[in-house]
Each structure stands twice: as C-alpha cells, then as structure tokens.
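Down below is the structure, laid out as structure tokens.
Bear in mind these aren't lab numbers, they're just calculated from the coordinates by the rules spelled out. Keep in mind that what you see is a predicted model, and the values were worked out from it rather than measured. Don't worry about glycine lacking a Cβ; one is built from the backbone with ideal geometry, like all the others, and counts go over all protein chains shown.
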Amino acid sequence: MSKEDPYSDSQLASMGLDRATLPKHVAIIMDGNGRWAQKRGLPRIEGHRRGVTSVRNIVEEASRLGLQQVTLYAFSSENWKRPRRELTLLMHLLRQYLVEERREIQRQGLRFRVIGNLAGLDPMIQQEIQTTETLSAQNSGMTLCLAVNYGARQEITDAVRQIVNAALQGQIKVDSITEETIASHLTTAGMPDPDMVIRTASEFRVSNFLLWQISYAELWVSDKHWPEFREEDFRTALRDYRKRDRRFGGLNPGASG
Ligand code: IPE
Ligand code: IPE
Ligand code: MG
C-alpha cells in the first residue's frame, strides 16, 4: 500500500472516524504563521514558509480521508494592509507554491481551484493559477480550493452588481431572485458549502471568509499555530465534528412535545 492510498474503513475506524460522518467540505483559516515565527525569534516570513509544509500535509490527509473539498484561506483582501516586504515575500511564496505543487496536484489527482479577486494579483501569478486550474480540471479527486485576495463582502457585492445588471437588461425578473441565484453568482458557484470551518492560532473570528457559504458550518478553533498544525490535529477536529449535532434550525427526532 502506498503512502497516499485512500484510507480503508478499518483504518478510519482505528482513527475514531467513519466515512458517513465525515464532512464533505472543510474550510480552513490558516492563521498564526507570524506569531509562530516571532515566538522562535525568526522573521515572520519563516512562519509563512513553514506553513506551506502544513498545507501539503493537510491536503494529502484530507484527500486520503476522501473529503470532497478543502478550501484554504491563503490571503485576504485585507492582507494588503501589511508591510510591503511581507507582501512581496508572500506573493513570491504563493508563486513558488503554484509552480512546485503542480506535479503533486496531478499525482494525487486533485482538482485545483482559486477563489478571490484574481484580477488584483500579479499577472504572472494569475497565469500560474490558470495553468494549474486548466491542467487539473478533468481530475476526479478532491477539490483543493485556495482563497487568494479573497474577501466575502466584496464577493457578495460583485454578485449583487451582476444580478442587478442582469435584471436591468431584462435577463432575470426581480421576483425570481432566490438564494440559489445569489449562490450561483458567487465565486464558489457549484461548490458545496463548507460543513466545517477550522481556524488555527486561537482566534474566534471569521475575518471576512465565505460569509454566505458558512451560514451553517461547524466552527472549530485550534490553539496550534498553522505551521505546527498536522494531520493528527485535523483528525481531532474531525472526531469533534462527528459529535456535533447539526440541526439546521430544526429539532432532533423525538425532541418535539
Ligand atoms: C496567516 O498568518 C497567514 C496570512 C494571513 C497570510 P498570519 O500572518 O496572519 O500570522 P499572525 O496571525 O500574524 O500570527
Ligand atoms: C485571516 O487571517 C486571513 C488568512 C488566514 C489568509 P488574518 O491574520 O488576516 O486575520 P485577522 O487580521 O487576525 O482578523
Ligand atoms: Mg493572522
């Protein structure tokens, strides 16, 4: 058996997991890179660099577990507020990841997608994204989605603009606008909503991440910083998810009366 083979039912059971109660889509706010580095007297960028190892580790684990999608918050539309030097290094790291990871994405049969305002990125990065998306589009494995230059309020604003334009041109009737209309104009159109959001580094906030899509997601916060987050931590989150009681506003069977 190779290291990347999907886990069997008995392997899952030995981890305290089972296929039926795994989330389909997990979204992760990868936070704490800077703090991880600073605690060790290293420059912040070292934390980002180490964070790439965690990305590889978690993506491979999620794929072996048979998840349908993992979405990773890599860079927010608000992160441009950071010092220029950090931004340059972050963009360099992103480009390097896109190029170096291509082979691995193909080997694991992952479908690669990026959400966010791509037009605001360096054209060379846009090109690398496009290459990997096209190359991996026909793969049948897990979807690996990166949120880059992503902000949920901007995404919703863009959707509203598109819908209003379509209505003004008579392509849709205002009365026929539904939740599905809005969802289909978001950059996540066609993707399942996340069942679970994991955030590292002990922060209990969503920082403009997938605001529409996480309406009923289960939240899970880790006290580990992203560069030290590994598959065992991911499995702990999934075991906790298993115990969650997702009611979606309803009641459990037998709870009425
Ligand atoms: C997350 O780590 C990565 C990005 C936001 C790009 P941070 O850089 O936010 O690390 P902390 O939160 O400052 O420790
Ligand atoms: C959220 O982390 C964005 C990413 C992980 C890419 P931040 O570090 O930017 O969030 P805040 O500023 O603590 O809310
Ligand atoms: Mg942070």
field: Dimensions (Å) - the range 166-245, Cα atoms, principal axes, largest first
entry: 52, 25, 19
Extension gain, E4 back to H92 (0.36 nm per residue minus Cα-Cα distance, nm): 28.9 nm
query: Where is the GNM fluctuation largest for the chain (alpha-carbon springs, 10 angstrom cutoff): D223, D175, D233?
result: D175
The chain shape via C-alpha gyration tensor axes, a/c threshold 1.5: rounded
query: Of the trypsin sites (Lys or Arg not before Pro) in the range 141-183, which ones lie in a loop per DSSP and count no more than 11 other C-beta atoms within 10 Å?
result: K173
- prompt: Residue by residue, what Karplus-based ³J(HN,Hα) values in Hz, rounded to whole numbers, does the range 170-186 have, using 6.51, -1.76 and 1.60 with θ = phi - 60° and x for Gly and Pro?
  reply: x, 7, 9, 8, 4, 5, 8, 6, 10, 4, 5, 4, 5, 4, 6, 9, 8
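Only sites in a loop by DSSP and with at most 10 other Cβ atoms within 10 Å count here; which trypsin sites (Lys or Arg not before Pro) in the range 1-81 make the cut?
Hits after loop and neighbour filter: K3.
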message: How much length would be gained if the chain were fully extended between K39 and I177, taking 0.36 nm per residue of separation minus their Cα-Cα distance, in nm to one decimal?
response: 44.7 nm
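Listing Y241, Y7, Y150, Y216 from the residue with the fewest other Cβ atoms within 10 Å to the one with the most, what is the order?
Going from least to most buried by this count: Y216, Y7, Y241, Y150.
In percent, what relative contact order does the range 120-257 have, based on Cα pairs under 8 Å that are 6 or more apart in sequence?
Contact order relative to length: 20 percent.
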query: At 222 nm, what helix-only mean residue ellipticity would the chain give, in deg cm²/dmol to the nearest 500, using -39500 (n - 2.57) for each DSSP H run of four or more?
result: -13000 deg cm²/dmol
Distance between modelled label sites at R242 and L168, nm, 7 Å Cα→Cβ extension: 5.3
- prompt: Mean separation of Cα pairs under 8 Å and 6+ residues apart, divided by the residue count of the range 74-148: what relative contact order is that in percent?
  reply: 44
message: Classify the range 30-167 from the C-alpha gyration tensor, please: rounded if a/c falls under 1.5, else prolate or oblate depending on whether a/b exceeds b/c.
response: oblate
- request: Quick one: compute the contact order of the range 1-159, relative version, from alpha carbon pairs under 8 angstrom and 6+ residues apart, as a percent.
  value: 26
